[in-house]
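S.K.: Mind looking over this structure? Questions follow.
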Amino acid sequence: MVLNNAQLHHAVTFSNKVFRKDKEYSRYVRRFRDRAIYPSFTVQPYAFSRYDMDIPTLIRNLGWESLFEDQRFTYCLEAMRLFYVNLKRGSGPDLYSFKTAVGNFEITVTADLLASELGLPHDGLRAGDDGQFCDYDFDYCHVLDDLVHDIGRYFPNLHSAGRLPDDLRVLHFFITRILLLRSLSSATLLHTSNLWILHHARSGQRISYALLVFCHLVQYGDDNNDGWLPLAPLITQLLRKLGIDLRDKVTLCNVHDDLKAQHVLAHLDASVGPRKPVIGLGGKAATLIKALVSAAEVVIDRELTGFSNELKGKRKIPLASLSTRLKLLNDGGGASTSRIREEDEVVEEPEDNADISDYDSPPHYPF
């Protein structure tokens, strides 16, 4: 049941002149006034399908596919900061509700309110923190052992997301950069809530996103958490739904829309994500191939000289033929090489290959 707000759906003009006590204003200045917000990313789950990674199915298993259908990227920075600075979690029977004030507008927030006003997925298992996860017999260590595998690398922290298989590593990226944003340093670790999501994505069990968001918001109202403020577009949308007039106060988030699947895979050091195939032997590719062949030719000639000295007086081994073949390839000689070159001249790279090559530089921002 959604708790009623006395001001629900009554338009109120936003004002940030709401601090009645010097102590409240001092806390706002020290802890929230200059806090930045997380940037927004627009990389889509289906972009990883070309690498045989079915991320859309993992998200659909959770019942969260709607989260990528109508993404919002506008926010009111000052209203969002006030939302966090005034956030006070309930206690006792009201543990899973919190109150906040934005301007003169007081709000009681629950997961049900987030689901009803914002359409956040709320089906399936309803749990948002460690205590509620335990109610479903969720064992962090058992699930961790079940999901991670040996990839031949050493990790100083057993809770590193790098130990996950590639598809779950990508889903973890979506969780920590888009759905339940965390600091870049914290995003490399498998928090309990992240593992709860990954486990049920793999097992095909729907879980409540609204309750996870509720508990995530509570964490950032704490003075001990001084990182970037998350979910600014979601909070702004909620305030507008509840009747706060934010006209002329809403602006566009910093949206990174140039992030590609290949960037993410390279960042995660995934085992998939090959370069674009080299079409033809012309241009830079031909120069690279010739340089590699020349280097191989020098090495083989050196080895042949050594063998010749060692085999004096013995039966000769016809190793020189390999060096000869390399020279022919380097010079473009031979009927087969000429035929390949003629065919390659008319082959063009497919236009639908919109991804990038490993040789391209990644975006110049942290992700």
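S.K.: Note down all Cβ pairs under 6 Å where the first residue falls in region 253-268 and is closer than 14 Å to Arg169 by Cβ, the second is modelled with pLDDT of 85 or more and open to solvent by less than 20 Å² (accessible area, probe 1.4 Å), and they're at least six residues apart or on different chains.
M.R.: Ala261/Phe48; Val264/Phe173; Leu268/Arg169
S.K.: Restricting attention to region 224-243, does a residue exist that is of a type in the set (Ser, Thr, Tyr) and under 22 Å from Ser116 (Cα atoms)?
M.R.: Scanning region 224-243, I find at least one residue that is of a type in the set (Ser, Thr, Tyr) and under 22 Å from Ser116 (Cα atoms), so the answer is yes.
S.K.: Which helices (runs of 4 or more DSSP H) sit wholly inside region 56-172 and have at least 3 residues that are touching a residue at least 12 places away in the same chain (Cβ under 8 Å) and open to solvent by 20 Å² or more (accessible area, probe 1.4 Å)?
M.R.: 77-85, 111-118
S.K.: Oh, and also: Considering only residues of region 75-120 that are among the β-branched types (Val, Ile, Thr) and modelled with pLDDT of 90 or more, which is farthest from Leu217 (Cα to Cα)?
M.R.: The selected residue is Thr108.
S.K.: Within region 216-226, does at least one residue satisfy the condition of being of a type outside the set (S, T, N, Q), open to solvent by less than 10 Å² (accessible area, probe 1.4 Å) and at pLDDT 90 or above?
M.R.: yes
S.K.: If you don't mind, there's one more thing I want to ask. Please work out which residue is most open to solvent (accessible area, probe 1.4 Å), limiting yourself to region 201-215 and to residues that are assigned to a loop (DSSP other than H, G, I, E, B) and in contact with a Pro (Cβ under 9 Å, 6 or more places away or on another chain).
M.R.: The residue in question is Arg206.
S.K.: In this structure, does Leu239 turn out to be closer than 23 Å to Ala161 by Cα and part of a helix (DSSP H, G or I)?
M.R.: No; evaluated as a whole, the condition is false for this residue.
S.K.: For residues that are closer than 16 Å to Leu189 by Cα and charged (D, E, K, R), tally how many sit in region 131-152.
M.R.: Qualifying residue count, region 131-152: 1.
S.K.: Would you pick out the residues in region 253-265 that are touching an Asp or Glu at 6+ places or on another chain (Cβ under 7 Å) and not in a loop (DSSP other than H, G, I, E, B)?
M.R.: Matches in region 253-265: Ala261, Gln262.
The values are calculated or read from the model by the stated rules, or taken from the named source; none is laboratory data. Because the structure is predicted, anything quoted here is derived from the model rather than measured. Neighbour counts are summed over all protein chains in view; Cβ atoms, including those assigned to glycine, are modelled from backbone coordinates with ideal geometry. Ligands, DNA and RNA are stripped out before the accessible areas are found, and what is left, the full protein with its side chains, is counted by its heavy atoms. Shrake-Rupley method; radii C 1.70, N 1.55, O 1.52, S 1.80 Å.
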